[in-house]
Amino acid sequence: MRSSNPVFSRRGFSRDNGYAGFNAAPQAGGPAVGATQGNPYAQGATNPYATNPYAQQDTQYGAPQAPARTDVMTLDDVVTRTAMTLGTVVVGATLAWALLPTTPTSYGLAVGAALVAFVLAIVQSFKRKASPALILSYAAFEGVFLGVISEMFNERWSGAPFQAVLGTMAVAAGTLFAYKQRWIRVTARYARIGMAIAIGFILVMAVNLLLVVFGGVEDGGLRSMGPLGAVVGIIAILLGAFFLTLDFKQIEDGVAYGAPREESWLAAFGLTMSLVWIYLEMLRLVAIFSGDD
C-alpha cells in the first residue's frame, strides 16, 4: 500500500502500484477477490511461496502445504519500531532542551538539525527498502529541532509543550478510534481529495513564507499568532489526522497481505512524521490561545 505524508511520498505496500485496499479489502479467511493480482505478498499463483518445491505433503488431502512464513510484518513489529523511532525523537528533544540554551546559536543549530532531518527523510523516501539507520538518524535530528523549539515556546508560554503533547496524543487516539470504528473509511476518493487539499495547503504556506521573508506581508501572514493563524493551525491539525488515517491503512493492509517484516520500519517512519506534524501545529495553536502573557 502506498501512503503519503505532508512533505514526503514514501514506499509502502502496493498492489499494481496503487493504494492497497481501495479495490478490494481483505476478508476473514483469506485475501479479497483480486488480491492476488499484482500483490507480491498474496497467496496464489503469483506468490513464490505457493510453489515451494520443498513444501510438505498434506496426508489427508494430498495437497502441498507451503511452510508458514516467519518474516512477515505483524502489528507488534510496527508497535516496537514506532516506539524505537518516537523514543529516539524524545531522547533527542530532551537532550537539546537540557543542553542547548535558548540563544541565536541554538536556533541556528535547530534549523540545521531540521534541514538534516529533511534530507534524511527525502533519502529514505527514495530508497527501495527501509533503512533503520536512516530512520533513526532522522528521528534524532528531528528530536533536536523539536527540543529547541519546544524550549523557546515554553519560555514565552509556560507549559505549552506539555499541552501540545497532550493535544497530539488526543488527536492520535481520537483518529485511531474513529478509524477502528469505521467512521473514517480510507478509499481512493478519500485519499485523492485529502491529498489535493494537503498539496494545496502546503503550496499556500510556502508562498506565505516567501512573502513573509521578503517583506510582502507582516506579522506572519496566514501563520500569524492571531485568529487567522488559529484557523490555519486547526486546518493543519486536521490534515495531520488525515495523514494518520493513511498510515493506519498502510499498517492494516501490510499486516493483512503479509508484507515483509522490514516494512514495519516504514510504518514507524510514517507515523513519526505525521505525529511530528501534529505536534508542531498543536504547539502553535496552544501558544495562540495562551495569548502574549
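The values are calculated or read from the model by the stated rules, or taken from the named source; none is laboratory data. Note that this is a predicted model, so its numbers are computed, not measured. Cβ placement follows ideal geometry from the backbone for every residue including glycine, while neighbour counts extend to all protein chains displayed. The protein model used for the area step is the full one, side chains on, heavy atoms only, and it has no ligands, DNA or RNA in it. Shrake-Rupley method; radii C 1.70, N 1.55, O 1.52, S 1.80 Å.
Pairs linking a residue in region 71-98 that is farther than 26 Å from Phe118 by Cβ to a residue that is β-branched (Val, Ile, Thr) and part of a helix (DSSP H, G or I), with Cβ atoms under 7 Å and 6 or more positions apart or on different chains, are Met73/Val255; Thr74/Val255; Leu75/Val255. Just name the residue that is least open to solvent (accessible area, probe 1.4 Å) out of those in region 77-100 that are part of a helix (DSSP H, G or I) and more than 20 Å from Ala133 (Cα to Cα). Selected residue: Ala96.
A quick yes/no check of all residues on (1) at positive phi; (2) surrounded by fewer than 22 Cβ atoms within 10 Å (Cβ to Cβ); (3) more than 16 Å from the chain's Cα centre (by Cα):
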{"residue": "Val148", "(1), (2), (3)": "no, no, yes"}
{"residue": "Met152", "(1), (2), (3)": "no, yes, yes"}
{"residue": "Arg156", "(1), (2), (3)": "no, yes, yes"}
{"residue": "Val171", "(1), (2), (3)": "no, yes, no"}
{"residue": "Phe177", "(1), (2), (3)": "no, yes, yes"}
{"residue": "Gln181", "(1), (2), (3)": "no, yes, yes"}
{"residue": "Arg185", "(1), (2), (3)": "no, yes, yes"}
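Selection of region 252-270 for residues being of a type outside the set (Asp, Glu) and open to solvent by 20 Å² or more (accessible area, probe 1.4 Å) yields Val255, Ala256, Pro260, Arg261, Trp265. Only one of the listed residues (Ile149, Ile193) is more than 24 Å from Phe289 (Cα to Cα) and in a helix (DSSP H, G or I). That residue is Ile193.
Selection of first residues in region 202-225 that are more than 17 Å from Glu281 (Cβ to Cβ) and open to solvent by 60 Å² or more (accessible area, probe 1.4 Å) and of second residues that are of a type outside the set (A, V, I, L, M, F, W, C) and outside any helix (DSSP H, G or I), restricted to Cβ pairs under 9 Å at least 6 apart or on distinct chains, gives the following pairs, ordered by first then second residue: Leu210/Gly216; Glu218/Ser224; Asp219/Gly226.
Just a yes or no: is a residue in region 123-130 at pLDDT 95 or above and of a type outside the set (A, V, I, L, M, F, W, C)? The answer is no; no qualifying residue exists.
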